[in-house]
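Reading through the structure tokens given below for one structure.
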Amino acid sequence: VPAEISALSGRELIAAEAVQAKVSTRITIRHRPGLRAAMRALHRERIYNIEAVIPDPKSGIHYVTLQCSDGVNEG
């Protein structure tokens, strides 16, 4: 699926005595039915945890924005 992927911010977390980086990412794609926040997205061997699915503000059916995080738990 063609997508626009934009890293928004990054922060380091200390978990289990190991430093891990967490990056907030926004992915914009064409609308697809059935997308849920419990899913993951994969792009070039990078796994993104989908945290929110936001429909486009005008029609709600042309595209969706996925608020994601990656870098922790392999995605």
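Regarding region 31-49, can at least one residue be identified that is small (Gly, Ala, Ser), within 17 Å of Ile5 (Cβ to Cβ) and surrounded by 13 or more Cβ atoms within 10 Å (Cβ to Cβ)?
yes
Enumerate the pairs (first residue in region 34-59 and among the hydrophobic types (A, V, I, L, M, F, W, C); second residue anywhere and surrounded by 14 or more Cβ atoms within 10 Å (Cβ to Cβ) and not in a strand (DSSP E or B)) with beta-carbon separation below 6 Å, excluding pairs fewer than 6 apart on the same chain, so at least 6 apart or on different chains.
Between residues of region 34-59 that are among the hydrophobic types (A, V, I, L, M, F, W, C) and residues that are surrounded by 14 or more Cβ atoms within 10 Å (Cβ to Cβ) and not in a strand (DSSP E or B), the close pairs are Ile47/Gly75; Val53/Leu35.
Condition check: open to solvent by 30 Å² or more (accessible area, probe 1.4 Å), outside any loop (DSSP other than H, G, I, E, B) and at pLDDT 85 or above. Does Ser24 satisfy that?
So Ser24 passes the test.
The values are calculated or read from the model by the stated rules, or taken from the named source; none is laboratory data. The structure displayed is predicted, hence computed values, not measured ones. Heads up, the Cβs are rebuilt from the backbone with ideal geometry, glycines too, and the neighbour counts pull from every protein chain shown. The protein model used for the area step is the full one, side chains on, heavy atoms only, and it has no ligands, DNA or RNA in it. Shrake-Rupley method; radii C 1.70, N 1.55, O 1.52, S 1.80 Å.
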